[in-house]
Structure formats: C-alpha cells, structure tokens
Amino acid sequence: MDFINTFDLWQAILSNRRKLPRDIDLVVGIPRSGMLPATMIATQLNLPMTDLDGLVANRIFGHGTTKSAPDLSRANASDRTVLVIDDTVGSGQAFKRARAALAGVSGRLVFCAVFAPVARHPDVDIVLEKAGPAPICQWNMMHHAVLQAACVDIDGVLCRKPEPHEDDNGRNYRKFIDTAEKLFATSGEIRWLVTSRPERYRAATEEWLSKNRVRYRDLIMPSTDESRHSSTEYKARIYKSLDAKLFLESEADDAARISELSGRPVLCIATQSLIVGDSRPMGRLRRKVPPLGSHLGTLKLSARRILGDSFYYAVKRMLTRV
C-alpha cells in the first residue's frame, strides 16, 4: 500500500498536467478530500473553483485580491469545461454519486482522480497517476482502514506531546494527560494503542480517550519506568510481537529506530514519511506496506473494464445469489 503526502499530491498534479483539458473554465472538488487537488489546480491556473453543491446551485467560491480575477463569465457559460476532481478513486462510489448529483448541469464535465490503482478507471475520464490500492493519504490517514491493523502512539499523534515542564512523571504530567489538546479526530477503531505512558496512568488515559471519542481495541502501556525511558525499544518490541501492519509514531528519530529494530514500516507524523528498515525520512519517500487484501479491488476494476459495466454487474448479482 502506498503512503501519499501533500507533496506527492502536488507533484502528481504538476507532472501530469498534460492529461488535463487545456480549456478548463471551472474546477470542482468532491468534498472533502477532493477539495485539496481542486484548490491546487485552481490556484496554479488562476481558475474559478467550487464544490458539488456550489456547481448545482451556480455558486462559485470567492478569490483573493493579490492576482488577476479568474474569468467568471466562462465559468458560468453554457459551453464551459468543468473539471470535477477527487484525490483518489477505488470502488468509484464517490464519482457515481457525483455524476448523479450533477445530472442536468450545463457544460462539458470531465471527471478526474489524481490517484488510482489502474491507469484507466471505468468511473473517471482521467487518472493522473497510478498508486497502490487503497493508499494511505496524509490528509485522511486517521480515517483509513489500515488503523484496524496498526499500532498507534498517543503523545504527538492523537494529542500534543508534553512540554519539558509537564514531563515530570508526577502532578504536572497528570494534568497534561487530563487536558492535552487533540491533534487528530479518528473514525473507526484503532487496533492497538501503544504508548510509553506508565501503567499507573491507564485510568486517566482511558478517560481522555473516551472524552475525545477515540475508539480502540487494546491499550498497551509499560509496567515499569525503565520501559518509558527506553520507549523506542519498548515500542519496537511490542510492534514485532503483534500481527500489526503499520506503526504510527510522532518523531523522526524514534520512528526510524522503531522501524530499524522491528524491520517493519513506521509512519512518522512529524515528517509525513513512511520509514522502512534503516531508511530515513528524507524528501519524497513512498514505500510499500504489506497489502491488506486490497488486490481484490484491482481485480474487480480490471474485470469491469474488460466485461463492461452491464455484464460485470449482471455476473456479480448472479454470483451473490449463489
């Protein structure tokens, strides 16, 4: 599985600009993740921009005053070219809903996905770049199904890390646990929370997790302070003992050490890089994570393209009844 950060997204758009229509008059993002590439393209080309509801309601977003105003007359013309974009496409459900929502909208609608597991996808007109099935994207990593088979740290990942004066393993640290600001909202269940917080802070940690609506299966904490002071070795040992596919760690050096000791991939929050083995989080580093049964989705897409939608779905319905 690929990890894609915002720099990868930017590079994919710039490197594959030739695949886009040259006469785009309006850029439309499919909420929410599609608003990222839509904003990049609209800003790069100084084009008007909106979302799906805005296009249906003929409502275009405002623009800044530091550059020339985009051509709003072309954006509202009946013969306009409208680029409808999302960050990724897999099953194609988001694009199917978008097409249905935009039925009857005037102009030439061109549907585009920045990343897809195949070069030609049956639900879009343009794929800018191939990526692995179900990639983990920086902007939605805390909502990805991979967390159901992942280890996730708490401090520096789900909440901020303690300041030096708060990290006293006493009264100040307990106050930090109670009041730490949330960094990410999560959806779905995290399989393992692996933290270097000592076991005696379990009740306070569980209370914070409940208050911030973090769903998880297991909370693993060290029973001694020695494990806390050698947290990278402790986390690597736990990671290696579990059937986990990924570890989310906050700091670059710790992430690199955990990956080195475990021999498994670690996603570093600070650098937004995937680290494998003894590699370091430098520049654009996209490495493979063991697949989570996602090759089936690629096979389905290939079958749809070869058989055609009508025959493919007829066969699928027949097999479902068997």
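The values are calculated or read from the model by the stated rules, or taken from the named source; none is laboratory data. What you see is a predicted model, and the numbers here were worked out from it, not measured in a lab. Reconstructed Cβ throughout: ideal geometry from the backbone, glycine too, with neighbour counts over all protein chains shown. In case anyone asks, the SASA skips ligands and DNA or RNA and just uses the protein heavy atoms, side chains included. Shrake-Rupley method; radii C 1.70, N 1.55, O 1.52, S 1.80 Å.
Quick notes on this one:
- Taking region 1-153 and dividing mean pair separation by its residue count, relative contact order in percent (alpha carbons under 8 Å, at least six apart): 27
- Peptides 183-193, 214-224, ordered by how many other C-beta atoms sit within 10 Å of their residues on average, highest first, read 183-193, 214-224.
- Flagged links, alpha-carbon separation over 28 Å, of Lys182/Lys235; Lys130/Lys235; Lys130/Lys182; Lys96/Lys182; Lys19/Lys182: Lys130/Lys235; Lys130/Lys182; Lys96/Lys182; Lys19/Lys182
- Considering every alpha-carbon pair of region 1-124, the percent of pairs per 5 Å bin, from zero through the bin containing the longest distance, is 2, 11, 23, 25, 21, 12, 5, 2, 0.
- Accessible area of Tyr234 in the full protein assembly, 1.4 Å probe (Å², nearest 10): 10
- With the cut-off at under 19 Å, measuring from each backbone N in region 231-260 to a point 7 Å along the Cα-to-Cβ line of Leu183 picks out 231-236, 239, 246-260.
- Mean Cα-pair separation over length for region 73-196, i.e. relative contact order, pairs under 8 Å, 6 or more apart, %: 20
- Relative contact order computed over region 91-140 (Cα-Cα under 8 Å; 6+ residues apart), in percent: 29
- Rounded if a/c under 1.5, otherwise prolate or oblate - region 185-262, Cα gyration tensor axes: oblate
- Basic side chains Lys and Arg get +1 at the Cβ, acidic Asp and Glu get -1 at the Cβ, and with that the dipole of region 1-108 about its Cα centre reaches some 220 debye.
- Enclosed volume per residue, in Å³, of the convex hull spanned by Cα atoms of region 125-273: 122
- Multiplying the residue separation of Ser210 and Phe7 by 0.36 nm and removing their Cα-Cα distance gives an extension gain of 69.7 nm.
- Calculated accessible area for region 8-47 comes out at 46 Å² per residue, all protein chains present (probe 1.4 Å; ligands, DNA, RNA ignored).
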